[in-house]
Amino acid sequence: MREVFITGIGLTPVGEHWELSLASLSARAMLAAKRDAGGLQPQALYVGNFLAYSASSQANLGTKLAENAGLGHVETLTAEAGEASGAVALRLAYLAVSSGYIDAALVVAVEKYTDMVGAGLEAAAAQSVDADFEAAYGQTPSGQAALLARRYLEEHGLAREALAGLPLLSHANAVHNPNAMYRRAIDLDAYRRAPVTEDPLNLYDAAPPADGAAALMLVSENMLEKNSQIWAVRVAASSVAIDTLSPHDRADPLAFDSAGLSAREALAGAGLAWEEIDLFEVWDAFSIYGLLSIEACGLAPRGQAPHWLAEQDHSLAGGLPLLTMGGNKARGYPLGAAGLYQAAEAALQLRALAGDCQVPGAKTAIIQALGGPAATAITHILARA
């Protein structure tokens with residue numbers, strides 16, 4: 001297996017892009033990544049998306065996006081793993097380059113949430129839960145997260161504000177992220193006053209679905225030398241693990257086993273321990289998912305993630321910074337594109353280009369995306385080249 005490097009990064013601001021089509025939004029990120037990589041032409045395009053077929057009435061995305069961005073007759077492939085689709089597309093590109101099949105791959109992940117309005121949109125988003133035993137009875141991703149949060153709080157004797165740690169951190173870090181939707185810090189009083197949306201979750205416990213596109217150019221070590229890229233970031237490891245689609249089929253619904261397994265495999269593949277990681281982009285589609293992931297990864301004992309967050313410094317200058325550019329909650333949550341936003345933001349950190357969101361001296365980063373309640377978990381480790 002060859003080493004793989006990220007040489008180009010392209011991001012669009014996350015928000016409601018009513019004026020842009022799915023293809024146009026994608027092209028902005030793709031062309032920015034190409035420019036950042038010195039104009040390199042990819043040999044293949046890997047696309048990550050969750051809702052285009054339902055929300056935008058568009059399938060065959062690879063051809064559509066490649067044509068619109070002027071990529072010519074490149075090989076294209078679209079990946080889907082619910083909300084983790086962007087992370088899966090990154091893994092496919094990584095495998096293609098590391099195997100020697102190609103030397104340069106462009107990855108783009110896009111979501112155009114505003115292409116649909118009304119009740120159909122919630123039904124579309126519910127496609128990541130079990131259609132036969134959950135969605136058919138009205139279950140939604142947020143309802144599922146609320147059930148897990150209620151069980152977590154009751155099982156461990158915690159008050160509702162135990163969920164507040166990650167939302168407060170994400171909003172503090174998003175203040176200086178130019179691509180974030182919500183660039184304003186909140187305090188615990190603001191969290192307490194927020195309206196409850198699905199008990200026990202309140203407005204700050206759920207990431208806001210939105211539009212966005214992110215793109216990365218991946219190249220082999222041979223291509224890296226040929227292009228003399230100074231700011232390359234190495235993809236040190238990639239791992240995928242799955243669990244049952246629905247938590248009700250697990251022995252313990254609060255055990256995000258796939259998140260822990262994926263993280264352990266990635267760390268082993270990179271030859272690193274948690275003590276050697278400089279930042280962690282944990283999955284905070286819902287605050288409870290972030291807490292359960294932290295515990296599954298072995299960073300805190302069961303039921304202790306809220307205390308772990310409160311007792312240690314996880315700010316940009318802390319021991320293990322989290323959600324360094326706002327995470328899904330404050331940056332905004334472009335669903336199937338969110339996993340690639342994580343990778344692009346981590347790459348900016350390792351290139352020391354994160355501006356006022358910069359983690360001092362960052363050399364390694366671990367990013368993890370979840371499809372559903374850890375039904376799929378994809379972990380990547382990035383390192384400064």
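Would you mind telling me which residue in ALA213, ALA23, ALA79 has the biggest mean-square fluctuation in a Gaussian network model of the chain, where springs connect alpha carbons within a distance under 10 angstrom?
Most flexible of the set in this elastic network: ALA23.
Build a GNM of the chain with springs between Cα atoms under 10 Å: which of ALA69, ALA330, ALA44 gets the top mean-square fluctuation?
ALA69
Taking the Cα centre of the stretch 1-160 as origin, sum charge times position over the Cβ atoms of Lys and Arg (+1) and Asp and Glu (-1), and report the length of that vector in debye to the nearest 20.
Result for the stretch 1-160 is approximately 380 debye, rounded to the nearest 20.
At a Förster radius of 45 Å, what calculated FRET efficiency corresponds to the Cβ-Cβ distance of ILE242 and ASP189, to the nearest 0.05?
0.65
At 7 Å along Cα-to-Cβ for each site, give me the label-to-label distance between GLU75 and ARG35 in nm.
With each label placed 7 Å out from Cα toward Cβ, I get 2.9 nm.
Could you work out which residue, out of LYS363, LYS64, LYS329, moves most in a Gaussian network model of the chain, that is, has the largest mean-square fluctuation with Cα springs under 10 Å?
Of LYS363, LYS64, LYS329, the Gaussian network model singles out LYS64 as fluctuating most.
So what is the relative contact order of the chain, in percent, for Cα pairs below 8 Å that sit 6 or more residues apart?
26 percent
Order of ASP257, ASP252 from fewest to most other C-beta atoms within 10 Å?
Fewest to most other Cβ atoms nearby, the residues stand as ASP252, ASP257.
May I ask which of LYS112/LYS363; LYS112/LYS329; LYS64/LYS363; LYS64/LYS329 have a Cα-Cα span longer than 25 Å here?
In this structure, LYS112/LYS363; LYS64/LYS363; LYS64/LYS329 exceed 25 Å between Cα atoms.
P(r) tail for the chain, what percent of Cα pairs lie past 40 Å?
That fraction is 8 percent.
Order 168-179, 275-286, 313-324 from most to least packed using the mean count of other Cβ atoms within 10 Å.
With the highest mean Cβ count within 10 Å placed first, the list reads 275-286, 168-179, 313-324.
Hey, if you put +1 on the Cβ of every Lys and Arg and -1 on every Asp and Glu Cβ in the chain, which of GLY118, GLY39, ILE367 ends up farthest toward the positive end of that dipole?
Farthest towards the positive pole: GLY39.
If I model a spin label as a point 7 Å beyond the Cα along the Cα-Cβ vector, how far apart are those points for ALA123 and LEU353 in nm?
Going by the 7 Å Cα→Cβ label model, 4.3 nm.
Rounding to the nearest 10 and keeping the result within 0 to 90°, find how far the Cα-based axis of helix 141-155 lies from the longest principal axis of the chain.
50 degrees
Whole-Hz ³J(HN,Hα) for each residue in the stretch 370-385, computed from phi via Karplus 6.51 cos²θ - 1.76 cosθ + 1.60 with θ = phi - 60°, x for glycine and proline: what do you get?
Working through the residues one at a time gives 10, x, x, x, 6, 5, 10, 10, 10, 10, 10, 10, 10, 9, 5, 6 Hz.
In degrees, nearest 10, range 0 to 90: what is the angle between the Cα axis of helix 338-350 and the longest Cα principal axis of the chain?
70 degrees
Among ALA84, GLN144, VAL4, flag the residue with its Cα farthest along the positive direction of the charge dipole of the chain, charges on Cβ as +1 for Lys/Arg and -1 for Asp/Glu.
Result: VAL4.
Output needed: percent of Cα pairs per 5 Å distance bin for the stretch 245-385, bins running from 0 to the one holding the longest distance.
Going out from 0 Å in 5 Å bins, the stretch 245-385 shows 2, 10, 21, 24, 22, 14, 5, 2, 0 percent.
Taking 1 over the mean of 1/r across every pair of different Cα atoms in the stretch 198-318, what Kirkwood radius in Å do you get?
Mean inverse Cα-Cα distance, inverted, gives 17.2 Å.
So how do 101-108, 194-201, 342-349 stack up, highest first, on mean other-Cβ count within 10 Å?
Ranked from most to least packed, the peptides come out as 342-349, 101-108, 194-201.
Could you state the angle between the C-alpha long axis of helix 165-174 and the longest principal axis of the C-alpha atoms of the chain, as a value from 0 to 90 degrees rounded to the nearest 10?
40 degrees
Measuring from label point to label point, each 7 Å out along Cα→Cβ, what is the PHE133 to ARG302 span in nm?
2.1 nm
Can you tell me the dipole magnitude for the stretch 225-284 around its Cα centre, using point charges on the Cβ only (Lys, Arg +1; Asp, Glu -1), in Debye to the nearest 20?
I would put it at about 280 debye.
If you keep only loop residues by DSSP, which chymotrypsin sites (Phe, Trp or Tyr not before Pro) in the stretch 1-86 have at most 13 other Cβ atoms within 10 Å of their Cβ?
Here the chymotrypsin sites (Phe, Trp or Tyr not before Pro) that fit, given the DSSP loop and packing criteria, are TRP18.
Bear in mind that the values in this text are calculations on the coordinates, not laboratory data. The shown structure was predicted, so the numbers you read here are calculated from the model rather than taken from an experiment. Cβ sites come from the backbone with ideal geometry, for glycine too, and all protein chains shown count toward neighbours.
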